[in-house]
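Notes for the one structure printed next.
The values are calculated or read from the model by the stated rules, or taken from the named source; none is laboratory data. Just so it is clear, the structure is predicted and the values come from calculations on it, not from any experiment. In this analysis, Cβ positions are derived from the backbone assuming ideal geometry, glycine residues included, and neighbour counts consider all displayed protein chains.
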Amino acid sequence: MIYLDHAATTPVPKAVADAMYTVLTEQYANPNAQYPFGQEMRRSVEDWRAVIAKAVDCEANQLFFTSCGTEGDNWAIRAACWQNRHVGRHIVTTAVEHHAVLNCCQQLEQEGWEVTTILPDQNGDISAESVLAAVRPDTALVSVMMVNNELGSIYPIADIAKGLKAVNEKTLLHTDAVQGFLKVPFSAKALGADFIAISGHKVGAPKGIGALYIGPRVRNPRPLLPGGGQEMGLRSGTEATAQIAGFAKAVELRWDHLEDKLRHMAEVKAYAVEKLTAIPDLQIIGDGKAPHVLSASMAGWPSQNVVNDLGSQGICVSAGSACHHGKSSQVVAALHLPKRVAAGVIRLSFGPETTFADIDACAEALRNHHNHRMPML
Ligand code: PLP
């Protein structure tokens, strides 16, 4: 199989599965238990938190485990709106956010909040100026993703954070860094965002684990899940110890020679651009600079047919984002592409394991699709 869908999820390395297996079978104590077996697990959980905090560049006590990126996004947005409910009931976000953000904002709209949605330019880029221009005295929250999951566009979070200080220093800033974490290195300390959501399964950890960084400007953050008081009272529920162990091991593995891995992914992406653009009717969409995501369209050949054809040959690519179950992509819609181009958008995404031979095979399958299947549009 040729797996070119690392932005959807990633394979779990054996060392990660082994670390999880040990926790499941031998170190299964509840970290909240008072006897030594439980206290040992508590120490391990805190060691694993420290590993991930180091990669985010924050203090360990600023990082809270969640079940996924979606949970971190929802928690951050709700917590920001709660803290700033007296500042106003206005949110600024973008049209190209993941549904974890868009649908949470939509829910808030139903509860009486006003949401301003910034549109990207034709390349899929969002400028700090366009975001800051929408901020008002009553803006409680700005939520802008770090890296777009369909285009690989990198958004200027640090500039937005800097600009917010001048425009409205009370406005809190959330960034969905699910596609940025360990792909576009950042430091939580330097970035200036108040909330940063990350997810394990995009970097070799199992599904079902994520984390949320909560910065010092967030006072008494509102728990998303009130209950038994885990995660410093902010996210109750017995810690998912095996997933946390897997997350830490995956981060440790990625962190090792990270620059080499990112350089390799960028080289694979550049090679894919070269190979794909040699195919008739195929064009690259957007100008995404993240090393692991490439968006392309074979104008006139519907993406779902391409995905199915390649899939039947064991080549996994996605039609836009795999997260929205066949619904048309809000990201593609926001680019206002010609209909034939928009309907043909596919996403290739890469990991440290992706080879140039994988790209050759994918390019050949795409060329065959073009030559032997009828365009339908
Ligand atoms: N945000 C972005 C940008 C994503 O790409 C994804 C998943 O694809 C998510 C959030 C949701 O993450 P999770 O699957 O961990 O809930």
Q | Subset tally (residues that are under 28 Å from the mean Cα position of the chain (by Cα), more than 16 Å from the ligand (Cβ to nearest atom) and aromatic (Phe, Trp, Tyr)) for segment 1-49 | A | 2
**Q.** Criterion: at pLDDT 95 or above and within 14 Å of the ligand (Cβ to nearest atom) - qualifying residue of Thr117, Thr139, Thr94
**A.** Thr94
Q.
Would you confirm, using the coordinates I've provided, whether Thr66 is at pLDDT 95 or above, farther than 18 Å from Met232 by Cα and within 16 Å of the ligand (Cβ to nearest atom)?
A. no
**Q.** strands (runs of 3 or more DSSP E) contained entirely in segment 57-138, each with at least 3 residues that are buried (at least 18 other Cβ atoms within 10 Å of the Cβ) and on the phi < 0 side of the Ramachandran plot
**A.** 63-66, 90-94
Q | Set Leu212, Leu172: member being more than 11 Å from the ligand (Cβ to nearest atom), crowded, with 24+ Cβ neighbours inside 10 Å and within 15 Å of the chain's Cα centre (by Cα) | A | Leu212
Q. Where residues in segment 183-202 are surrounded by 24 or more Cβ atoms within 10 Å (Cβ to Cβ) and assigned to a loop (DSSP other than H, G, I, E, B), which of them is nearest to the ligand (Cβ to nearest atom)?
A. Lys183
Q | helices (runs of 4 or more DSSP H) fully within segment 215-334 counting 2 or more residues that are away from the ligand (no atom under 16 Å from the Cβ) and either of a type outside the set (Ser, Thr, Tyr) or on the phi < 0 side of the Ramachandran plot (or both) | A | 241-255, 258-277, 303-312
